[in-house]
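Read through the structure below, which is laid out as structure tokens, and then see the notes.
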Amino acid sequence: MVFGRDDREDETVVAMLASAVRRDISFGALQPNQKLKIEALRRRYGGSNHSMRETLRMLSAEGLVEATAQRGFRVTSATEDDLRDIIMVRAEIEKLALSLAIAHGTVAWEGRVIAAHHALRKAETAVQATPDNLTALEWDEACRAFSATLIEASGSPRLTDLQRKFFDQSRRFRLALLREGMLDFAAREGRQRALLDAVLARDAPAAITILERDIEAELRDGG
């Protein structure tokens, strides 16, 4: 009897490798436009040729890695034009999704939004006190959770998938501002509280305006 590869085991390995490579792209350990050679990545992260290639394909679908003309891979660029494009697309996706969520969200959804906001406030306090890599990742996950929870009642899996993709693409820029001390946490707190209040009041125009301003500030100058 011939035993094939355990697909579930492969998926677990690829998920772990993707998490590690994604983290290093986010923190700049792997630089924009850097070539990603399979053998070098295997020595650094482990895994097989197959699992590493699948990892790079996964990150390519997320927009963090690009396939090159030579059938290799490289880290996606991170120029001002890239940032401007990410801000524009992410804002349009999240504004549409938030308007749908406000129209259709239940009281239970409101409770999850309040809980996600509370977790974000605690994470922002923690990262200001101890801005190391682990705390920064936990903070970024809290940012992601709040953004995702705001739109989870939209009823559109495709919008939520797109939001996740572009949120991940924006992570490098957000973490760079954090490292450089350019995030205005007091201003962030004010916007997040105003956004929460508008959502709970079901004031879609106000919520959408605040959300757009928050995305722009979060990724560009922190103000």
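The values are calculated or read from the model by the stated rules, or taken from the named source; none is laboratory data. Since this is a predicted model, take the numbers as computed values, not measurements. As a convention, Cβ positions derive from the backbone with ideal geometry for all residues, glycine included, and neighbour counts pool all protein chains shown. With ligands, DNA and RNA removed, areas are computed over all heavy atoms of the protein, side chains included. Shrake-Rupley method; radii C 1.70, N 1.55, O 1.52, S 1.80 Å.
Taking helices (runs of 4 or more DSSP H) that do not extend beyond segment 35-122, which have at least 2 residues that are under 15 Å from V14 (Cα atoms) and touching a Lys or Arg at 6+ places or on another chain (Cβ under 8 Å)?
49-62
Filtering segment 86-96 down to residues that are among the charged types (D, E, K, R) and open to solvent by less than 40 Å² (accessible area, probe 1.4 Å), which residue is nearest to A176 (Cα to Cα)?
R90
Under 8 Å between Cβ atoms, which residue pairs at least 6 apart in sequence (or on different chains) link something in segment 108-133 that is touching a residue at least 40 places away in the same chain (Cβ under 8 Å) and under 16 Å from R188 (Cα atoms) with a partner that is surrounded by fewer than 15 Cβ atoms within 10 Å (Cβ to Cβ) and among the aromatic types (F, W, Y)?
Filtered contacts from segment 108-133: E124/F185; Q128/F185.
Tell me which helices (runs of 4 or more DSSP H) are completely within segment 133-223 and hold 2 or more residues being touching a Gly at 6+ places or on another chain (Cβ under 9 Å) and either farther than 17 Å from A97 by Cβ or at pLDDT 90 or above (or both), or say none if there are none.
Passing ranges, in order: 157-179, 185-200.
Which residues, taken from segment 167-223, are β-branched (V, I, T) and open to solvent by less than 70 Å² (accessible area, probe 1.4 Å)? Spell out the reasoning first.
Filtering segment 167-223 down to residues β-branched (V, I, T) leaves 199, 208-210, 215.
Those that are β-branched (V, I, T) and open to solvent by less than 70 Å² (accessible area, probe 1.4 Å): V199, I208, I210, I215.
Is segment 66-85 home to any residue that is at positive phi, modelled with pLDDT under 95 and open to solvent by 80 Å² or more (accessible area, probe 1.4 Å)?
Checked segment 66-85: at least one residue is at positive phi, modelled with pLDDT under 95 and open to solvent by 80 Å² or more (accessible area, probe 1.4 Å).
Residue under question is S99, and the condition is that it be touching a residue at least 24 places away in the same chain (Cβ under 8 Å) and either within 19 Å of D197 (Cβ to Cβ) or surrounded by fewer than 17 Cβ atoms within 10 Å (Cβ to Cβ) (or both); does it hold?
Yes: the conditions hold for S99.
Hey, can you tell me all the residues within segment 189-205 that are aliphatic (A, V, I, L, M) and either over 18 Å from A153 (Cβ atoms) or without any contact (Cβ under 8 Å) to a residue 12 or more places away in the chain (or both)? Write out each step before concluding.
First, the residues of segment 189-205 that are aliphatic (A, V, I, L, M): 194-196, 198-201, 204.
Within segment 189-205, A194, A201 qualify.
Please identify the pairs in which a residue from segment 24-52 that is more than 20 Å from R174 (Cβ to Cβ) has its Cβ atom under 8 Å from the Cβ atom of a residue that is charged (D, E, K, R) and modelled with pLDDT under 90, counting only partners at least 6 apart or on another chain.
Partner pairs satisfying both residue conditions: H50/D10; S51/D10.
Within the group S60, S19, which residue is open to solvent by 20 Å² or more (accessible area, probe 1.4 Å) and without any contact (Cβ under 8 Å) to a residue 12 or more places away in the chain? Full working, then the answer.
On the way: S60 fails: without any contact (Cβ under 8 Å) to a residue 12 or more places away in the chain.
So the residue among S60, S19 that is open to solvent by 20 Å² or more (accessible area, probe 1.4 Å) and without any contact (Cβ under 8 Å) to a residue 12 or more places away in the chain is S19.
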